[in-house]
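The values are calculated or read from the model by the stated rules, or taken from the named source; none is laboratory data. Remember, it's a predicted structure, so these values are computed and weren't measured experimentally. Note that each Cβ is placed from the backbone with ideal geometry, even for glycine, and that neighbours are counted across all protein chains shown.
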Amino acid sequence: MFCLPGTDMREQQKKRAFLLINWLLKGTIAALLVFTLYKQAFEGKNLALAIQAAQAMPWKESWPWLGVTFLLLPINWMLETQKWRSLLSPFWPISFRQAFIGVVAGVSFSLFTPNRIGEYGGRMLAVPPRYNWHAVMAALVGNLAQLLVLIGCGLIGALHVAGFYFEDAQLLFSGFWWLAVGLLCGMYVLFFNIGWVSVVARVLPLPRKVLRLLVMLRYYRSRHLSIALGLAGARYATYSFQYFCLLGFFGIEAPVGAALAGIATIFLIQASIPLPPALGLLARGEAALLALGPHGGEEVAILAATFSLFIINLCLPALLGMAAIFKINVLKSLGYEIEVVQNEPDRHYADTSYGFRRSRKN
């Protein structure tokens, strides 16, 4: 094949430029992650409080609580991986290993981005470029399932916790309670009929790119959504029990029901604050004192348990995700590499037109 003089040199320069940009992106992500972890672990009082509380514990009696917390860590993220993988399956048959890489990469991004927006960018890195937005939609639907479980359990927990601060709390909050329950039921109905969104979107004056994203929702059937909701419930139970174990490790002896109600309230409050997990840690600490304080737990122990859950459930997976990102060609995953592989094995239901067909007329 005939090549113009200098073509090979230009191609080499382009490849070096892409390589440089790739490493600049990875270095920036790593620097932001390390800075965030350093600020949370070493500059604040959280680490000192955790060490202080741990030193006061009888280790022979308390260490099993900590051991169970670490044993549940992989289960937590395996459930999240399977949830995202099941919601991505109508578009792309991703392997569990590749899905796990996308999930932990998303955790790395989410620690320093508002409201966990970076999580979606991390998951895009785990799929071919043509399926980037499918990965985002699967993550959005999965997060909605998790939010439905969190709000449902949180409302029950908040009603229980309110009884420690107000007389006749059930009567005082009855109007709010039934309004919240009604809205939650409406959200469940919409969730299991999420395809309606794609129907409504077609008659709205939305940009074409937004319409193509929303029309993806028509692929979800009740089976996919039920599996996602079940996995979300199992994951919620997992990280709630992790929190309970850490409370036991730091010597907070609250009744099981009251402790779980307090934990549900903490997660509900945290979910309502649009902050990255690292900054949301402060809000979670204040919420923990509010929800668990009536049970007589020391402030130091409550804050230590909250900080420890953050370190175990988010910081450790984030470091693993950072290691995975260094092995990924970021630009190629986002579709900006010079040579993008186009022969991915398509599925018969992977309709890349999303319901929009080009007109045959020129």
Which one of 127, 104 is part of a helix (DSSP H, G or I) and either within 19 Å of residue 264 (Cα to Cα) or in contact (Cβ under 8 Å) with a residue 60 or more places away in the chain (or both)? 104
Is there any pair with a first residue in region 216-245 that is touching a residue at least 40 places away in the same chain (Cβ under 8 Å) and a second that is of a type in the set (Asp, Glu) and outside any helix (DSSP H, G or I) whose Cβ atoms are under 9 Å apart and which are 6 or more apart or on different chains, and what are they? 219/351
Do we find that residue 147 is closer than 30 Å to residue 256 by Cα, modelled with pLDDT of 85 or more and not β-branched (Val, Ile, Thr) in this structure? yes
Which listed residue is over 19 Å from residue 330 (Cα atoms), at pLDDT below 80 and either of a type in the set (Val, Ile, Thr) or exposed (fewer than 15 other Cβ atoms within 10 Å of the Cβ) (or both), from 164, 176: 176
Quick check on region 108-117. Is at least one of its residues without any contact (Cβ under 8 Å) to a residue 40 or more places away in the chain, out of contact with any strand residue (DSSP E or B) (no Cβ under 7 Å at 6 or more places or on another chain) and either closer than 18 Å to residue 327 by Cα or outside any helix (DSSP H, G or I) (or both)? yes
Pick from region 203-227 the residues that are touching a Gly at 6+ places or on another chain (Cβ under 6 Å) and of a type outside the set (Lys, Arg): which of them is nearest to residue 63 (Cα to Cα)? 217
For residues that are of a type outside the set (Phe, Trp, Tyr) and under 14 Å from residue 233 (Cα atoms), scanning just region 61-80, find the one that is surrounded by the most Cβ atoms within 10 Å (Cβ to Cβ). 80
Which residue pairs have Cβ atoms closer than 6 Å, lie 6 or more positions apart in sequence or on different chains, and pair a first residue in region 292-307 that is among the polar types (S, T, N, Q) with a second residue that is at pLDDT below 80? 306/284; 306/285; 306/288
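So that you can scan it fast, the table gives a plain yes or no per residue for (1) at pLDDT below 60; (2) within 20 Å of residue 123 (Cα to Cα):
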{"position": "300", "(1), (2)": "no, no"}
{"position": "314", "(1), (2)": "no, yes"}
{"position": "353", "(1), (2)": "yes, no"}
{"position": "361", "(1), (2)": "yes, no"}
